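*Asks:* Have a look at the structure that comes next, please.
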Amino acid sequence: MTEYSQSDERLCTALVTNLESGFEALVLAYQHRLYGFALRLSGNAEDAEEIAQDAFVRAYRALSTYTPPQTATLRLRPWLFQIALNVFRNRIRGAAKPPQQVPLDTSGEGDLLDRWIAGVSDQPEQAVINSEGERLLTQLISALPEHFRIAIVLRHIEGLSYSEMAALLGQPAGTLKAHVHRGVKQLRVALDSPSPRSPYSSSRAAMSEVR
């Protein structure tokens, strides 16, 4: 059993023992990760905070209706992501206009994507927007078509397996692999294509600092 699954097992046990204190521990364990997930889906910090908060409210309501055996066997990470994803989709459908997105011709260095994917794949829980290059890449991800964006975030940031993604999204693993491949290809094109309209087109020195 992995360290991650052991941590979730302890959280589930705490939720069964005492919902109030167990849920507090759940929020502490997942608040940053769920916010980061929502941020990369929405591309907007304010929206991401509201999505994460709403997801936790819905999670608590659901847990209050579960039997102890149901709670004890929850797979917390995909379960929480599913709730947050539903909140995000509901907000998009109910919005008067779609969230503002940056065009996919923003310039940058192509190897930024390789470094970023390698970093978040090694330690997805440490994937934080802490440099100009990473902020740019997060903007580009938020501008991808929704199905590509979700697949890339779940696979390359949150570290879910394709079988976990298939169960969460209700889609075949092969379809999700294609979404990830095509989404990454679009990101590579965006990062390799200088654009004079982009504020990043004259900042290669700054981008190189994230190596």
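The values are calculated or read from the model by the stated rules, or taken from the named source; none is laboratory data. Only a predicted model underlies this, so the values are computations on that prediction, with no experimental measurement involved. Ideal geometry is used to build each Cβ from the backbone, glycine not excepted, and the neighbour counts take in all protein chains shown.
*Asks:* Of everything in segment 52-68, what is in contact (Cβ under 8 Å) with a residue 12 or more places away in the chain and within 17 Å of residue 35 (Cβ to Cβ)? Give them in sequence order.
*Replies:* 52, 54, 55, 56, 58, 59, 60
*Asks:* Scanning for something at pLDDT below 95 and on the phi > 0 side of the Ramachandran plot, does segment 71-89 turn up at least one residue?
*Replies:* For segment 71-89, residues at pLDDT below 95 and on the phi > 0 side of the Ramachandran plot: absent.
*Asks:* OK, next. Pick from 180, 153, 184, 128: which is in contact with a helix residue (DSSP H, G or I) (Cβ under 8 Å, 6 or more places away or on another chain) and either in the same structural domain as residue 74 (by TED's automatic domain parsing) or at pLDDT below 50 (or both)?
*Replies:* None of the other options fit; the residue is 128.
*Asks:* Further question: Can you confirm whether residue 59 is over 17 Å from the mean Cα position of the chain (by Cα) and at pLDDT 90 or above?
*Replies:* yes
*Asks:* Taking only pairs six or more apart or across chains, which ones have beta-carbon atoms under 7 Å, a first residue in segment 74-99 that is assigned by TED's automatic domain parsing to the domain that holds residue 30 and within 25 Å of residue 63 (Cα to Cα), and a second residue that is at pLDDT below 95 and of a type in the set (S, T, N, Q)?
*Replies:* These pairs meet every condition: 88/42.
*Asks:* Confirm whether residue 5 is hydroxyl-bearing (Ser, Thr, Tyr), part of a helix (DSSP H, G or I) and at pLDDT 95 or above.
*Replies:* Against the criterion (hydroxyl-bearing (Ser, Thr, Tyr), part of a helix (DSSP H, G or I) and at pLDDT 95 or above), residue 5 does not qualify.
*Asks:* Next question. Enumerate the helices (runs of 4 or more DSSP H) found wholly within segment 33-94, keeping only those where 1 or more residues are among the aromatic types (Phe, Trp, Tyr) and more than 24 Å from residue 14 (Cβ to Cβ).
*Replies:* 76-94
*Asks:* List pairs: first residue in segment 21-40 and assigned by TED's automatic domain parsing to the domain that holds residue 159, second residue in a helix (DSSP H, G or I) and crowded, with 18+ Cβ neighbours inside 10 Å anywhere in the structure, Cβ distance under 9 angstrom, at least six positions apart or on different chains.
*Replies:* Correct list of pairs: empty, since none qualify.
*Asks:* Exactly one of (1) over 24 Å from residue 79 (Cβ atoms); (2) at pLDDT 50 or above is unmet by residue 201. Its number?
*Replies:* Single failed check for residue 201: (2).
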